[in-house]
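The values are calculated or read from the model by the stated rules, or taken from the named source; none is laboratory data. Predicted, not measured: the structure shown is a model, and the values here were computed from it. With ideal geometry, Cβ positions are generated from the backbone for all residues, glycine too; neighbour counts draw on all protein chains shown. The protein model used for the area step is the full one, side chains on, heavy atoms only, and it has no ligands, DNA or RNA in it. Shrake-Rupley method; radii C 1.70, N 1.55, O 1.52, S 1.80 Å.
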Amino acid sequence: MADTFAIITGASTGIGFELATLAAKDGYDILVVADEPLIEAAATDFEQFGTQVQWVEADLSTIEGVDQLLAATGGRQVDLLCANAGRGLGHAFLDQDLADWRRVVDTNIVGTAYLLQKVLKPMVARDAGKVLVTGSIAGFIPGAFQAVYNGTKAFVDSFTDALRNEIKESKGVTLTTLMPGPVETEFFERGGMMDTSVGTSDSKSDPADVAKDGWDALMAGKASIVSGWKNKLQVAAAHVTPASVLAEQHRKMAEPGTAPDA
């Protein structure tokens, strides 16, 4: 058993898988979670690095799912949390079913906030711990045809900034926000966005690169990191561009039928 213990959510694929790999390589025992059976196979892959690996399949859009994850720690002290689980949804908001967009909100906002509250409270009490939360540059952009997702990421980006200030007296606790742009993962297929320009683009970031940016920022104790220089420019531009213009720009890449072969 290692001296340090980490939880990584959304770890079956993509950024979460790469973060779990980095944690295991760095000598952490890890508990990984996702809402799909693939998490078991992913956990087997992480075992190659010689640390203890636990896995749990749980739906983090529910309070019960988060409690299931926390129960799987067996009361062990959590030294590091990568709160990476997230869900997207494309197409027009008025065409979306309540259950679908509600699950995006419950995963990205409710589940994330509840998990952070449960894990950060003991960290602050002992003045030690590291947390990485996956936000997005989408939080700076009105997401036409991805309105709920971008709205949830605006919450995450803002919430972590506020929370960081609230716990600033706990010098031994760091809270880092990772803000990537579009990443080459199953996100777009799962969100029904394979008929869009962004969904089919071949210029999306490599999840391994994004995870490494986040991990390095986390280990350095940075407040936030925008992964990728193009995304840094986009965030800078978003601060001075009218919302109506940003929404129209987003529409051109996220509206159904904008894929080159659609």
I'm told THR185 meets every condition in (1) closer than 16 Å to GLN249 by Cβ; (2) assigned to a loop (DSSP other than H, G, I, E, B); (3) under 16 Å from the mean Cα position of the chain (by Cα); (4) not basic (Lys, Arg) except one. Can you identify the failing condition by its number? (1)
Collect the residues in region 3-59 that are acidic (Asp, Glu) and closer than 19 Å to LYS212 by Cα, keeping them in residue-number order. GLU18, ASP26, ASP29, ASP45
Subset of region 243-262 that is closer than 17 Å to ASP202 by Cα and at pLDDT below 85 - its residue that is least open to solvent (accessible area, probe 1.4 Å): ALA259
If you check every pair at least six apart or on different chains, which have Cβ atoms under 6 Å apart with a residue in region 134-148 that is within 21 Å of LEU218 (Cβ to Cβ) and modelled with pLDDT of 95 or more first and a residue that is open to solvent by 20 Å² or more (accessible area, probe 1.4 Å) and of a type in the set (Phe, Trp, Tyr) second? none
Among the listed residues THR44, THR21, THR13, identify the single one that is crowded, with 20+ Cβ neighbours inside 10 Å and hydroxyl-bearing (Ser, Thr, Tyr). THR21
Name every residue in region 38-75 that is out of contact with any helix residue (DSSP H, G or I) (no Cβ under 8 Å at 6 or more places or on another chain), of a type outside the set (A, V, I, L, M) and in contact (Cβ under 8 Å) with a residue 40 or more places away in the chain, in order of residue number. GLN52, THR73
Here the residues within region 207-228 that are open to solvent by less than 60 Å² (accessible area, probe 1.4 Å) and either of a type in the set (Ser, Thr, Tyr) or not in a helix (DSSP H, G or I) (or both) are GLY221, ALA223, SER224, ILE225, VAL226, SER227, GLY228
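Based on this model, can you work out whether ASP161 counts as in a helix (DSSP H, G or I), closer than 23 Å to ARG251 by Cα and of a type in the set (Asp, Glu)?
Numbers: in a helix (DSSP H, G or I): yes; closer than 23 Å to ARG251 by Cα: no; of a type in the set (Asp, Glu): yes.
Considered against the rule, which asks whether it is in a helix (DSSP H, G or I), closer than 23 Å to ARG251 by Cα and of a type in the set (Asp, Glu), ASP161 comes out as no.
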Among the residues of region 229-242, is there at least one that is closer than 30 Å to LEU81 by Cβ, in a loop (DSSP other than H, G, I, E, B), open to solvent by 50 Å² or more (accessible area, probe 1.4 Å) and not basic (Lys, Arg)? yes
